[in-house]
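K.L.:
Below you'll find the structure I mean.
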Amino acid sequence: MVSLNLKLKRYPKTLPLMMRSYIHLDEWGMLEVFMIGILVTIIKIHHMAHIRYDVGFFCFVGLMLVALCSSVMLDEDKYWRLIEKGQKR
């Protein structure tokens, strides 16, 4: 929503709150920790049971990749400058 508002040059008063929320959720998402748990479980039980990788597993991997790319590609300083510039108008 932050990117869409900046792209459309709309600066609602809630935009800084949305940006702060994104940063907070990005820090506390911990998808990597959940993925490590999944991998440890797979390694521990692979010899006891047949493991099937269904849609849910691949959706989670996709979610993790999208979240990783979004946090790597997002330039927080640039976004804050654009939000500040837009709020001054």
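K.L.:
Report those helices (runs of 4 or more DSSP H) wholly inside the chain carrying at least 1 residues which are of a type in the set (Asp, Glu).
P.N.:
Passing ranges, in order: 15-28, 31-45, 76-88.
K.L.:
For Gly86, are the conditions met, namely being surrounded by 13 or more Cβ atoms within 10 Å (Cβ to Cβ) and touching a Phe, Trp or Tyr at 6+ places or on another chain (Cβ under 7 Å)?
P.N.:
yes
K.L.:
Return the residue satisfying two criteria in turn: it lies in segment 7-57 and is of a type in the set (Asp, Glu) and surrounded by 10 or more Cβ atoms within 10 Å (Cβ to Cβ), and of such residues it is modelled with the lowest pLDDT.
P.N.:
Once the filter is applied, the top-ranked residue is Asp26.
The values are calculated or read from the model by the stated rules, or taken from the named source; none is laboratory data. On a predicted model such as this, the values are computed, not experimentally measured, just so you know. Here the Cβ is made from the backbone with ideal geometry for all residues, glycine too, and neighbour counts use every protein chain on show.
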